[in-house]
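Novice: I'd like to ask some things about the structure below.
The values are calculated or read from the model by the stated rules, or taken from the named source; none is laboratory data. Source: prediction; values computed, not measured. Every residue, glycine among them, receives a Cβ derived from its backbone with ideal geometry; neighbour counts consider all protein chains shown. These accessible areas exclude ligands, DNA and RNA; they are computed on the full protein's heavy atoms, side chains included. Shrake-Rupley method; radii C 1.70, N 1.55, O 1.52, S 1.80 Å.
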Amino acid sequence: MIKLVLSDMDNTLIPFGCERVSPRTIAAIHACQEQGIDFGPASGRDRGEISSFFSGDASCYNIGVMVNGQRVYYLGEVVYEKTLPYDDLRAVERTVAPLAGCAFITYRDNNFGDWVGEPRERLGDMYDRAFMCGGRHHEMLPDYPVVKAGIVCLDPELLPQLQHQLSELCPDLIFPNTVVNWMDVSLRDWNKGDGVKILQRVLGLADEEICVFGDADNDLGMFAAVPNSCAMANANDNARRAARWHVGASAEDGVAIALEQIAEAARIYNETGEDVPPAFMRGGAAGI
């Protein structure tokens, strides 16, 4: 039986740019919890950013694998944290800040973004999308421990070139393009899968008792970490190939529908002892 569900946020639990998860998603999360199933985000975002998506319903994000596995939460508390190397961050700053249409963001206190590069008025919609909890422009990178960082790149033709340049400059980091005009700044040898394994040990779960949902390259680590990996209908090619299961699109509440089926399978198990897989694991994508 599934006992823990972890879901990516952008273009998985919600379409990128949406301000709230759907009421159906909240109801499905609660239905799982009523059957003894834990739920949490597995996101490049951190907990402070994520709270607004759930309208402050902390029961939906008290557990989670955040910042691509660099922060792990259990019952609202940080149980693991891994910071980014400061010298590498300075190298990224020197490369990105002078470029037109680009900004380099670091986050402190898990939700407050500081950035160098283009001013707010030139960032357009990406200001609100990248600085969900507010931000402040700086002339140079502030000096504090950084767990989460990212890059805005408004020029789609520049983005792959910038990825390649930064990867050569900072071999200990990776720069996945997770959503439009955005690159995460993450550790090369650490990913969501490592965070999933830490949370798995905290909860004392077997691999097959965990189910994960995602859509992009930064979800591949957790897809490899557990057997019940699920890609969205809108997932990129790498995620679709890597996932064992496939569910409906983010814009069509694909995760919510799958959660409803997970909750129903758990209800049957709790009432009868019969371990029946959720419907989407019995052939065909959830909601299709």
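Novice: Pick out which of Tyr127, Tyr107, Tyr61 has the largest mean-square fluctuation in a Gaussian network model of the chain, springs linking Cα atoms closer than 10 Å.
Specialist: Comparing Tyr127, Tyr107, Tyr61 in the GNM, the peak value goes to Tyr127.
Novice: Quick one: pull the percentage of alpha-carbon pairs in the chain with a separation above 29 Å.
Specialist: 30 percent
Novice: While we're looking at this one, here's another question. Cα axis of helix 192-203 to longest principal axis of the chain: angle in degrees, 0 to 90, nearest 10?
Specialist: 50 degrees
Novice: Might you tell me the accessible area per residue for the chain, computed with a 1.4 Å probe and given in Å²?
Specialist: 41 Å²
Novice: Now for a separate question. Amide H to amide H, which residues 5 or more places from Asn11 or on other chains are under 5 Å from it, using H placed in the peptide plane?
Specialist: Amide H neighbours of Asn11, under 5 Å, 5+ apart: Phe16.
Novice: Which one of Ile37, Thr25, Phe112 is farthest out on the positive end of the charge dipole of the stretch 1-125, using unit charges on Cβ (Lys, Arg +1; Asp, Glu -1) and the Cα centre as origin?
Specialist: Farthest along the dipole direction, towards plus: Ile37.
Novice: Using only Cα atoms and rounding to the nearest 10 degrees, what angle (0 to 90) does helix 158-169 make with the longest principal axis of the chain?
Specialist: So the helix axis and the longest Cα principal axis differ by about 80 degrees.
Novice: Provide the convex hull volume over Cα atoms per residue for the stretch 168-288, in Å³.
Specialist: Residue-normalised Cα hull volume stands at 111 Å³.
Novice: Relative to the longest principal axis of the C-alpha atoms of the chain, give the angle of the C-alpha long axis of helix 23-34, reported between 0 and 90° and rounded to the nearest 10°.
Specialist: 60 degrees
Novice: When the Cα centres of the stretch 155-191 and the stretch 240-261 are compared, how far apart do they sit, in Å?
Specialist: 27 Å
Novice: Now for a separate question. Met222: net charge of surrounding residues, Cβ under 11 Å, Lys/Arg +1, Asp/Glu -1, itself excluded?
Specialist: For residues surrounding Met222, the net value is -1.
Novice: Taking the Cα centre of the chain as origin, work out the dipole magnitude from +1 charges on Lys and Arg Cβ and -1 charges on Asp and Glu Cβ, in debye rounded to 20.
Specialist: 120 debye
Novice: What Kirkwood Rh does the stretch 124-209 have if only Cα atoms enter the pairwise 1/r average? Answer in Å.
Specialist: 15.4 Å
Novice: Still on this structure, please answer the following. Quick check on packing: order 140-146, 35-41 by the mean number of other C-beta atoms within 10 Å, highest mean leading.
Specialist: 35-41, 140-146
Novice: In deg cm²/dmol, rounded to 500, what helix-only [θ] at 222 nm does the chain give when every DSSP H run of at least 4 residues adds -39500 (n - 2.57) and the total is split over its residues?
Specialist: Value at 222 nm, helices only, nearest 500: -9000 deg cm²/dmol.
Novice: Let me ask something additional. Rounded if a/c is under 1.5, else prolate if a/b is larger than b/c, else oblate: which is the stretch 82-127, with a ≥ b ≥ c the root eigenvalues of its Cα gyration tensor?
Specialist: Oblate shape, in that a/c is at least 1.5 and b/c is the bigger or equal ratio.
Novice: What ranking, highest mean first, results for peptides 179-185, 22-28, 256-262 when packing means the other Cβ atoms within 10 Å averaged over each residue?
Specialist: 256-262, 179-185, 22-28
Novice: If you wrap a convex hull around the Cα atoms of the stretch 1-143, how much volume per residue is inside, in Å³?
Specialist: Per-residue hull volume (Cα only) is 116 Å³.
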